[in-house]
Amino acid sequence: MPESKSDKQTESVATKEISDEPDQRQEPETLETRAKAVLKNNDKGLFTIPAEGIYPHQWLWDSCFISIGMRHYDIERAKLEIFSILKGQWSNGMVPHMVLNPIVRDDRGKRLRDSRVWRSWLNPYSPDDISTSGITQPPILAEAIVRIGEKMRWPERRTWYKSVFPALVAYHKWLYDERDPHQEGLTLQIHPWETGLDNTPPWMSELHDHLLPFWIRSLRKTRLDVVFGWFRSDVKYAPLEQRESNTDALALYDIQRRFRRKQYDFDRIINHSLFAIEDLTFNSILARANSHLVEIARALREELPPELVESIKKTESTFEQLWDPISNEYFSRDFVTHRPLKQTSIAALMPLYSGVLTKDRAEILVKMLESEHIFGPAYPVPSVPLNSPWFNPVGYWQGPVWINTNWLIIDGLRRYGFNKHADALQESTLELIEKYGFYEYFNPLTGEPAGVDNFSWTAALAIDLMH
Ligand code: GLC
């Protein structure tokens, strides 16, 4: 990739720091300087990859979390991260979950052709000059925009907001126009990747119980799914037991392939949908993002489209439908039947972040967080509660602690005034990183790291938590 403006900028800042300061006054190595070094290492100039080798592209929610960390020391670079995501926005408003890096080589130097896996160009709304995925990810974009804005004085903040407002409105409009076809106020997701929690139990249990294609079941029975494992690139970087199983990974790629065959045309997809789930994490993040969008519009004295204002209000009033009075917790639900998907996961705590709960409900969620049998092991917060049959302390999104979900929970706790809980979680999260490094995820029982090292959002959110 040609050297970018921002590369040069970062370099000149670095050189300046080195040449202006006498040696002994150089920044000592702290958690923060180490975190910045991780982000610099993963910086591809215009965007930041989640981690070297395993994740060579730009991911939507990763980049939002990354920019939330970067804003503390390089506001221009944080803005660039967001502009780069928006370059991949489709003309119907969708912000894809991946913007593909055109030049990626594997460890033997062979060019990877991930753009042919997605073939976003099959869809007429996709951008002409850039390849992307054909689905989205949790809409945390508005949060990143506001957090970056917090670091500016009003005139600059206004310019910043103005530069992203039309794209943000188009994204939220798309979310409701396409993903809330019954105008319920809750959006539906069509692939577990859209939730960001790839192999999370509620989705995987649907997949295993009803939707696993016959040929994948047969492969699993005959144990031939292991052959697929030979072609998986992620297991070159982390052991298979820390990733999703071969069957699950194969099934997720199979769904992606079906979408591609339908050219990412939502109507064609939804007519034969394998999954159509109103996901709790996604909708919690959307509810919060809506309030940021309203705040941005107000600051700019701009009107939001009336249908969008209606949808936003509806989300606030119908969110409570995800509450299950029998289990006393929130669940994702099936889009068509409204059946709650009763496998508890970290999603159960995400409504704290949404900000649309009553304090009473928030208290119930905090009790789950306090219980050492549920979400309160030695190193909280596990992505699946300890008392779940799905719990596996190193199993990707089926047990490990992830720093981004901790960050969302900390924020939610503060919103509802649980400051002591928030402080404690903030401290244990930073302790985990200080002790073991910037890993992708951690074992909630022992604190031991898992997944890959030098993971960008772990570094970025550590910086944010320290500030
Ligand atoms: C995995 C995670 C997802 C993340 C992506 C890139 O797919 O499940 O949340 O965005 O990796 O880090």
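The values are calculated or read from the model by the stated rules, or taken from the named source; none is laboratory data. For clarity, every value in this text was computed on a predicted model and none was experimentally measured. For neighbour counting, all protein chains shown are included, and Cβ atoms are generated from backbone atoms with ideal geometry for every residue, glycine included. Heads up: the accessible areas ignore ligands, DNA and RNA and are worked out on the full protein's heavy atoms, side chains in. Shrake-Rupley method; radii C 1.70, N 1.55, O 1.52, S 1.80 Å.
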Are any of the residues in the stretch 427-449 within 16 Å of the ligand (Cβ to nearest atom), closer than 18 Å to PRO385 by Cβ and at pLDDT 95 or above? yes
Among ILE82, ILE54, which is the only one that is hydrophobic (A, V, I, L, M, F, W, C) and modelled with pLDDT under 95? ILE54
Could you give me the residue pairs with C-beta distances under 9 Å whose first residue belongs to the stretch 362-380 and is within 14 Å of ASN406 (Cβ to Cβ), whose second residue is in a helix (DSSP H, G or I) and open to solvent by 70 Å² or more (accessible area, probe 1.4 Å) wherever it lies, and which are 6+ apart or on separate chains? GLY376/GLU370; TYR379/GLU431
Return the residue satisfying two criteria in turn: it lies in the stretch 321-347 and is within 20 Å of GLY185 (Cβ to Cβ) and of a type in the set (A, V, I, L, M), and of such residues it is modelled with the lowest pLDDT. VAL336
Please go through the stretch 138-160 and give me each residue that is in a helix (DSSP H, G or I) and open to solvent by less than 30 Å² (accessible area, probe 1.4 Å), ordered by number. LEU141, ALA142, GLU143, ALA144, ILE145, VAL146, ILE148, GLY149, TRP160
For THR405, the lone unmet condition from (1) under 21 Å from MET350 (Cβ atoms); (2) away from the ligand (no atom under 16 Å from the Cβ) is (2)
Does the stretch 413-434 include one or more residues that are more than 30 Å from SER291 (Cα to Cα), in contact with a strand residue (DSSP E or B) (Cβ under 9 Å, 6 or more places away or on another chain) and in a helix (DSSP H, G or I)? yes
In the stretch 364-378, which residues are surrounded by 23 or more Cβ atoms within 10 Å (Cβ to Cβ) and in a loop (DSSP other than H, G, I, E, B)? PHE375
Residues that are among the small types (Gly, Ala, Ser) and touching a residue at least 60 places away in the same chain (Cβ under 8 Å): which helices (runs of 4 or more DSSP H) entirely in the stretch 259-359 hold 1 or more of them? 280-300, 306-318, 351-354
Counting only helices (runs of 4 or more DSSP H) wholly inside the stretch 37-137, the ones holding at least 1 residues that are of a type in the set (Asp, Glu), more than 16 Å from the ligand (Cβ to nearest atom) and open to solvent by 20 Å² or more (accessible area, probe 1.4 Å) are 75-87
I'd like to verify a number: residues in the stretch 441-465 that are farther than 19 Å from ILE140 by Cα and out of contact with any Leu (no Cβ under 7 Å at 6 or more places or on another chain), how many? 12
Only residues that are assigned to a loop (DSSP other than H, G, I, E, B), at negative phi, touching a Pro at 6+ places or on another chain (Cβ under 8 Å) and open to solvent by less than 10 Å² (accessible area, probe 1.4 Å): list them for the stretch 189-214, please. ASN199, THR200
Which listed residue is within 16 Å of the ligand (Cβ to nearest atom) and open to solvent by 50 Å² or more (accessible area, probe 1.4 Å), from ASN419, ASN392: ASN392
When every residue in the stretch 17-36 that is at pLDDT 95 or above and either of a type outside the set (Val, Ile, Thr) or within 30 Å of ARG232 (Cβ to Cβ) (or both) is compared, the one least open to solvent (accessible area, probe 1.4 Å) is ALA35
Taking the stretch 433-451 only, how many residues are surrounded by fewer than 21 Cβ atoms within 10 Å (Cβ to Cβ) and at negative phi? 6
Number of the exception - MET204 against (1) away from the ligand (no atom under 16 Å from the Cβ); (2) farther than 27 Å from ARG113 by Cβ: (1)
